[in-house]
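Computed from the coordinates by the stated procedures, all read-outs in this text should not be read as laboratory data. Note that the structure is a prediction, hence the values are computed from the model and not measured. Don't worry about glycine lacking a Cβ; one is built from the backbone with ideal geometry, like all the others, and counts go over all protein chains shown.
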Amino acid sequence: MNAIAGQTLDRVLEAAVIRNWPDLVPDGNMAQIHIEYEFGKAGNIAFLQIWSSQSRGIWHLVCTFAVGASSASSSGIQFANGYASSQLQKTLTCLLEHQDVFVPPPNLHRNGLVQIAPPSKEEKAAAAVLIDQALERVESQEAVAV
């Protein structure tokens, strides 16, 4: 059993943001990022938003993700305010379409918030490993299901 087996979904979402930090915080500026999410009737995250703040008290929407959305984007993700990250889009799509592979957040059925401070070099490396493991786990679950 690898390290990903006991990871909560909110920790994996945090790692996805940290892994894509350069796309969300250009030029190495200091910033805070938070992920807000809401649960749907089935008990899975149904709606998620990522916000960035480079000035205290001023938050800018990075993206909105609606799970199962039938929008022009097949993933349900919509970037805003000039933000874009194809890697974050792919990662969020995979993670949110396979939420059942991870431990549910501890606040199940309540709105959630994950706050992320600028990561250290070690945190960036750990996030990359965690996301690689998470994506491998999803792929192995898909292979078993086929």
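Placing a pseudo-label 7 Å from each Cα along the Cα-to-Cβ vector at Gln141 and Asn111 gives an inter-label distance of 2.6 nm. For the range 80-93, the Karplus equation 6.51 cos²θ - 1.76 cosθ + 1.60, evaluated at θ = phi - 60°, returns couplings of 9, 6, x, 7, 7, 7, 5, 5, 5, 4, 4, 5, 4, 4 Hz by residue, with Gly and Pro reported as x. Volume of the convex hull of the range 3-135 (Cα atoms only), normalised per residue: 105 Å³. Identify the residues of the range 116-134 with backbone N under 20 Å of a label point that sits 7 angstrom from the Cα of Ser53 along the Cα-to-Cβ direction, or state none. Flagged as within label range: 116-120.
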